[in-house]
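Worksheet: one structure, shown below.
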Amino acid sequence: MKLKALLSLLPLMLLSLSVSAESLRIGMPAPGQVPFLWQDESGVYRGIYADTLQQIAQQLNIELEYIPLSQARLVAHFLQGEVDVEAGVSPLEQDSPGLEAVSLYSQPYGLVNEVIIYRPEFSFPAFVLSDLKGLRVATVRGAGVPDYIAREDFASQIQVARRVSRGWNDVGLMKEAAALHYQRSLTLDYQISLPYASNPVVFRLHRSKAPLLEEINRVIAQLKRDGTLDEIICNYLCGTQ
């Protein structure tokens, strides 16, 4: 009888465990940022940030829920506590007081290099932004660049890459990982400069999830030590995806 009683309670015990399981809502800038974080045609979330988050989730037994949002809505949802994590945040950027008040930051899990892309026949003297004066520079809308640059804003980095490859813009500013990914996967015709800026990236964690921060940092440190972070990056940048 005791065994039967225990078996009858098992479904309720499993339900209780599933209800109490920790989960994190991940804000994903729509329509995605290849090769960092995007949803592929089969509905799977992929990218350097997605794979890193998956490693963390597996080790901490956490469920991940991705919420695609525009960048402005992502920030608004984070402020309201409706998003728990934003990936790819630079700790060097200054946040608004309201955002800073509800934010905690993981230890860095990578570097994002900013580069200049340009047509192969274009004679480029040096890899500094001051050399771009007088040129038509393709940039992603919202990216921070000096006022002296004659920028032309576009919705995504793939648009920047394609415009420079086709000669519609002299040069473009974008992230090195995206420049490499599109150059190889789409066979685009441009050169990539050495980085003109490098920024560490972290996960922004809502303060309501503060108890998880120490464990997330522990897993990030482990992923660095065992080379998993390097493998994730190479999976997207060492070949064609």
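Where in region 198-240 does the amide nitrogen come within less than 14 Å of the point 7 Å from the Cα of Leu111, taken along Cα to Cβ?
Within reach of a label on Leu111: 198-201, 230.
If amide H atoms are built 1.01 Å from N in the plane of the peptide, which residues on other chains or at least 5 residues away come under 5 Å of the amide H of Ala197?
Glu114
Using only the alpha-carbon atoms, how far is helix 176-185 inclined from the longest principal axis of the chain? Give it as 0 to 90 degrees, nearest 10.
That works out to roughly 80 degrees.
In region 75-92, whose amide N lies under 13 Å from the spot 7 Å out along Cα-to-Cβ of Ala197? List them in ranges.
Inside the label zone: 90-92.
Taking the number of other C-beta atoms within 10 Å as the exposure measure, put Asp147, Asp226 in order starting with the fewest.
Going from sparsest to densest Cβ surroundings: Asp147, Asp226.
Under a point-charge model restricted to the Cβ atoms of Lys and Arg (+1) and Asp and Glu (-1), what is the dipole moment magnitude of the chain relative to its Cα centre, in debye to the nearest 20?
300 debye
Exposure proxy check: Ser96, Ser90 ranked by fewest other beta carbons within 10 Å?
Ser96, Ser90
Roughly what % of DSSP beta bridges within the chain run antiparallel, to the nearest 5?
The antiparallel proportion sits near 55 percent.
Taking springs between alpha-carbon atoms closer than 10 angstrom, which of Val112, Val34, Val44 fluctuates most in the Gaussian network model of the chain?
Val44
For region 112-198, how big is the tail of P(r) above 23 Å, as a whole percent of Cα pairs?
9 percent
Taking only Cα atoms and a 10 Å spring cutoff, compute GNM fluctuations for the chain and point out the largest among Glu65, Glu121, Glu176.
Judging by the Gaussian network model, the answer is Glu121.
Where nothing but the Cβ of Lys and Arg (+1) and of Asp and Glu (-1) is charged, how large is the charge dipole of region 173-241 around its Cα centre, in debye to the nearest 20?
So the dipole magnitude of region 173-241 works out to roughly 300 debye.
Quick check: Cα centre of region 110-180 to Cα centre of region 36-90, how many Å?
Each part's Cα centre sits 26 Å from the other's.
Could you derive backbone 3J(HN,Hα) for region 204-209 from the dihedral phi with the Karplus parameters 6.51, -1.76 and 1.60 (θ = phi - 60°), listing whole Hz in sequence and x where the residue is Gly or Pro?
For region 204-209, the Karplus-derived couplings read 8, 10, 5, 4, 5, 9 Hz, x marking Gly and Pro.
Search the structure for amide H atoms under 5 Å from the amide H of Met28, placed 1.01 Å from N in the peptide plane, and list their residues when 5 or more places away or on another chain.
Ile67, Leu69
Can you show me the helix-derived [θ] at 222 nm for the chain, built from DSSP H runs with n ≥ 4 at -39,500 (n - 2.57) apiece and divided by the number of residues, rounded to the nearest 500.
-11000 deg cm²/dmol
Let a ≥ b ≥ c be the square roots of the eigenvalues of the Cα gyration tensor of region 170-230; is it rounded (a/c under 1.5), or, if not, prolate (a/b larger than b/c) or oblate?
prolate
Could you list which residues have their amide H under 5 Å from that of Met174, counting only those 5 or more apart in sequence or on another chain, with H placed in the peptide plane?
Val115, Ile117
Compute the angle between helix 2-20 and the longest alpha-carbon principal axis of the chain, please, reported from 0 to 90 degrees and rounded to the nearest 10.
That helix lies at roughly 30 degrees to the long axis.
Taking neighbour Cβ counts within 10 Å as the exposure measure, how do Thr52, Thr187, Thr139, Thr228 sort from fewest upward?
So the ranking, lowest neighbour count to highest, is Thr187, Thr228, Thr139, Thr52.
Tell me the relative contact order for the chain as a rounded percent, counting alpha carbon contacts under 8 Å between residues six or more apart.
24 percent.
Compute the acute angle (0 to 90°) between the alpha-carbon long axis of helix 228-237 and the principal axis of greatest extent of the alpha-carbon atoms of the chain; round to the nearest 10°.
The angle comes out near 40 degrees.
Where a number appears in this text, it was derived from the coordinates with a stated rule and is not lab data. As the structure is a prediction and not an experimental result, all values here were calculated from the model. Every residue, glycine as well, gets a Cβ built from its backbone with ideal geometry; the counts of neighbours run over all protein chains shown.
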